[in-house]
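Data first, discussion second: the structure below is written as C-alpha cells.
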Amino acid sequence: MNEKKIFKFFELTKIIIKNVNSLHKLNIIKKRFLGKDSYLHNKINKIKFFKKKNKIIYGKLFNKIFFNVKKNIFARKKYINEKLRKRFLKKKFFDVSIPGRRNLRGSIHPINKSINKIENFFYNIGFNIVSGNEIENEYYNFDALNISKNHPARDFNDTFWIDKNILLRTQTSNMQIHIMKSKQLPIKVVSIGKVYRNDNDITHTPMFHQVEGLIINKKINFSNLKWIIKNFLKYFFKHDFSIRFRSSYFPFTTLSTEVDIKKDDGKWLEVLGCGMVHPNVLRNMKIDYKKYIGCAFGIGIERLTMLRYGISDVRIFFENNLNFLNQFK
Ligand code: DAH
C-alpha cells in the first residue's frame, strides 16, 4: 500500500476545490472525489481484503481523508454562497423610499368601547364596579329574585341549562343577590357582563351584555333612579334623546318601568328596565325592608351600541368581520 499516493491525492483535491468558483462545478467535483466510483471509495472498498493490522491503520487513514475532503468541499460551498450573496446585494437597487412593513394594529371592540364608557359614568357618580359569575344556579338567577317556579323565563326555550340546577345566567340581575349577600349596606354597585339566552335573529344573539345597577339605602326614591338613568343616557349618546319611562313588570321590582328612546325615525326603542327593588327580594336577603329601600336597573349594551353607531343587525358584533371592526379604530 502506497501511503504517499493517497496524501498526494488529498493535496490535489485541495488545490482543485480551491479553484472551483461555481456551485454546479463543485457538485460535479464532489461526486468525482467522494462518489461511488471515486478513487477514494475504491480504496475504502478494498480495505476488507487487507490484513487485520492494516485494516485498522488504513481504515482510519482513508476515513480521515474522506472526511477532510468533504469538509473542504463544504467550506468552499459556504465561501461561494457568501460571494454570490454579496454580488447580489451590490447589484440590487435599494429603494429607500419604499414604506416599511407595518404591524397590523387592532382596535377596541365597539361593545368594549361602550362598556368602558358606561363604567366611566357610573364610577364618576360613586358606584362600585364588580364583575360577576356567568355560570349560575337557579337560586341566584331566578328564586332569590322572586321569579316564580312556573315563570316562562325559566323555560328550556329561553335558558341554557347545564344540568337540573345549573345554567348560563339569563340576566346580570343574579349579581344583585351576590352583592346583597356579600356587601354591607348601603350598596351602590354596577356589574357588567355577558348573559345568555336561546335566541338568534337580527335583534338577538345567544350571548349579549348587560349592565346591572343596584342601590340600597335608607333614603332613596324613584326620582333618584330617574335622574341617574336620564343623565346616563345623555352622557352615553352625547345628546338629549327623548326618553320615556313606560310602566312594566319585573318580578324583582315593584314599580317597574322600561325606558324607551325615540329614534330618528320617530319610533320608540326599549333600551333598559328599572324599578324599585321588590320587598320580597330584600326579605330573601334578610334586609330590613321597612328601613331600607332599593332601586335597580338593567341595561342592554348591544342595544345602546347599535343606536350609538346606527347598526341594524346585532349579529355583526360577533362575526369577527375585520371590515366592520376596523371602523372603530
Ligand atoms: N334583568 C332584566 C332583563 O334581563 C332587566 C332588568 C329590569 C334589570 C329591571 C333590573 C331591573 O335590575 O330593575 O330583562
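The values are calculated or read from the model by the stated rules, or taken from the named source; none is laboratory data. It should be emphasised that the depicted structure is a prediction, and the values quoted were computed from it without experimental measurement. Ideal geometry is used to build each Cβ from the backbone, glycine not excepted, and the neighbour counts take in all protein chains shown.
Checking each residue in segment 170-190 for being within 15 Å of the ligand (Cβ to nearest atom) and either in a loop (DSSP other than H, G, I, E, B) or farther than 24 Å from THR254 by Cα (or both) picks out THR170, GLN171, THR172, SER173.
Only one entry of LYS219, LYS290, LYS267 meets the criterion of being at negative phi and touching a residue at least 60 places away in the same chain (Cβ under 8 Å), and that entry is LYS219.
Taking segment 129-152 as the range and being out of contact with any Pro (no Cβ under 9 Å at 6 or more places or on another chain) and closer than 18 Å to LYS194 by Cα as the test, the residues that pass are ILE129, VAL130, SER131, GLY132, ASN133, GLU134, ILE135, GLU136, ASN137, GLU138, TYR140, ASN141.
Looking only at strands (runs of 3 or more DSSP E) that fall completely inside segment 101-169, which ones have 1 or more residues that are within 27 Å of the chain's Cα centre (by Cα) and acidic (Asp, Glu)? Break it down into steps so the answer makes sense when it comes.
Numbers: elements: 128-130, 135-137, 166-168.
Qualifying strands (runs of 3 or more DSSP E): 135-137.
Residue count for segment 293-316 satisfying the condition of being away from the ligand (no atom under 16 Å from the Cβ) and surrounded by fewer than 22 Cβ atoms within 10 Å (Cβ to Cβ): 10. Within segment 177-196, the set of residues being modelled with pLDDT under 95 and surrounded by 15 or more Cβ atoms within 10 Å (Cβ to Cβ) comprises LYS183 only.
Residue under question is GLU258, and the condition is that it be within 16 Å of the ligand (Cβ to nearest atom), without any contact (Cβ under 8 Å) to a residue 24 or more places away in the chain and outside any loop (DSSP other than H, G, I, E, B); does it hold?
Details: within 16 Å of the ligand (Cβ to nearest atom): yes; without any contact (Cβ under 8 Å) to a residue 24 or more places away in the chain: yes; outside any loop (DSSP other than H, G, I, E, B): yes.
Taking the combined requirement at face value, the residue satisfies it.
Within segment 146-164, is there a residue that is at positive phi and in the same structural domain as GLY294 (by TED's automatic domain parsing)? Explain how you work it out, then say what you get.
The initial filter retains those residues of segment 146-164 that are at positive phi, namely 146.
Subsequent filtering for residues that are in the same structural domain as GLY294 (by TED's automatic domain parsing) retains 146.
The answer is yes; a qualifying residue exists.
Selection within segment 261-289: residues that are buried (at least 18 other Cβ atoms within 10 Å of the Cβ) and under 36 Å from the mean Cα position of the chain (by Cα). The member of this set that is farthest from the ligand (Cβ to nearest atom) is ILE261. If the Cβ limit is 6 Å and pairs must be 6+ apart or interchain, which residue in segment 95-115 that is closer than 19 Å to GLU319 by Cα pairs with which residue that is loosely packed, with under 10 Cβ neighbours inside 10 Å? What qualifies is SER107/LYS329.
Only residues that are within 30 Å of MET180 (Cβ to Cβ) and hydroxyl-bearing (Ser, Thr, Tyr): list them for segment 281-329, please. Walk me through it before giving the result.
Kept after step one, since they are within 30 Å of MET180 (Cβ to Cβ), are these residues of segment 281-329: 281-305.
Within segment 281-329, TYR289, TYR292, THR305 meet the criteria.
ILE216 meets each of the listed conditions (1) closer than 22 Å to GLY300 by Cβ; (2) within 16 Å of the ligand (Cβ to nearest atom); (3) hydrophobic (A, V, I, L, M, F, W, C); (4) in contact with a strand residue (DSSP E or B) (Cβ under 7 Å, 6 or more places away or on another chain) apart from (1). Take ASN326 and decide whether it is assigned to a loop (DSSP other than H, G, I, E, B) and either crowded, with 16+ Cβ neighbours inside 10 Å or away from the ligand (no atom under 11 Å from the Cβ) (or both). So ASN326 fails the test.
Hey, can you tell me all the residues within segment 203-235 that are part of a helix (DSSP H, G or I) and not aliphatic (A, V, I, L, M)?
Residues satisfying the conditions are PHE222, SER223, ASN224, LYS226, TRP227, LYS230, ASN231, PHE232, LYS234, TYR235.
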